[in-house]
1. Quick one: what pairs do we get from the range 35-64, first residue farther than 11 Å from Ile3 by Cα, second surrounded by fewer than 12 Cβ atoms within 10 Å (Cβ to Cβ) and hydrophobic (A, V, I, L, M, F, W, C), C-beta under 6 Å, 6+ apart or different chains?
2. Can you tell me which residues in the range 13-67 are surrounded by 10 or more Cβ atoms within 10 Å (Cβ to Cβ), modelled with pLDDT of 80 or more and part of a loop (DSSP other than H, G, I, E, B)?
Amino acid sequence: MYIDETGIDTYLYRKQGRSPRGEKVYDKIRGRRFERTSVVAGLVAHKIIAPMIYKESMTSAFFYQMV
């Protein structure tokens with residue numbers, strides 16, 4: 001059995017800023033918030049088993065709770 005996990009992060013931040021005409025905006029992104037959606041599944045004999053989508057972090061406790 002092979003188990004794999006992947007995730008997608010959606011960063012929520014302001015993509016535009018203001019500056020005097022002709023100058024670029026350089027600044028740090030503060031207060032960056034993101035939402036992570038993760039997918040985990042197993043592969044047995046070339047068949048995908050037990051796919052699961054979740055919004056938590058994968059920890060050992062969470063993994064053993066799934067099993």
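1. Note: pairs meeting the criteria are Thr37/Ile8.
2. Ser19, Met58
The values are calculated or read from the model by the stated rules, or taken from the named source; none is laboratory data. Note that this is a predicted model, so its numbers are computed, not measured. Don't worry about glycine lacking a Cβ; one is built from the backbone with ideal geometry, like all the others, and counts go over all protein chains shown.
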